[in-house]
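The values are calculated or read from the model by the stated rules, or taken from the named source; none is laboratory data. This one's a predicted model, so the numbers in the text were calculated from it and none came from an experiment. Backbone-built Cβ (ideal geometry, glycine too); neighbour counts: all protein chains shown. Quick note on the areas: whole protein, heavy atoms, side chains included, nothing else; ligands and nucleic acids left out. Shrake-Rupley method; radii C 1.70, N 1.55, O 1.52, S 1.80 Å.
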Amino acid sequence: MNSPPAIGDRVGFIVGGQRMSSARPTQTQVAQYTAAAQEFETVLAHLRQLIEVDLARLEKQMEAAGGPLDTCRIPEWKDQ
């Protein structure tokens, strides 16, 4: 099964094709860029869900279970 090129590859191809050109982008290039931009919005939404919701929930669960703290974050201290 062939998978489509990565978003970065597609945008790089479009930009590379325009870098040395004084011509306006073709309709195909505009369509490719639009498709890549729309796909990126979906990927970005998924990444935000993973980082802001899923990872935050997992960190709280690990902290509640007494798991080790990641050195890149500040623990939530509760007054007792």
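Here are some notes:
- Once the chain from residue 37 to residue 19 is taken as fully extended at 0.36 nm per residue, the excess over their C-alpha distance is 4.6 nm.
- Summarising the label geometry, the points placed 7 Å from Cα in the beta-carbon direction at residue 6 and residue 54 lie 1.9 nm from one another.
- Accessible surface of the stretch 10-70 [probe 1.4 Å, protein heavy atoms]: carbon and sulfur percent: 63 percent
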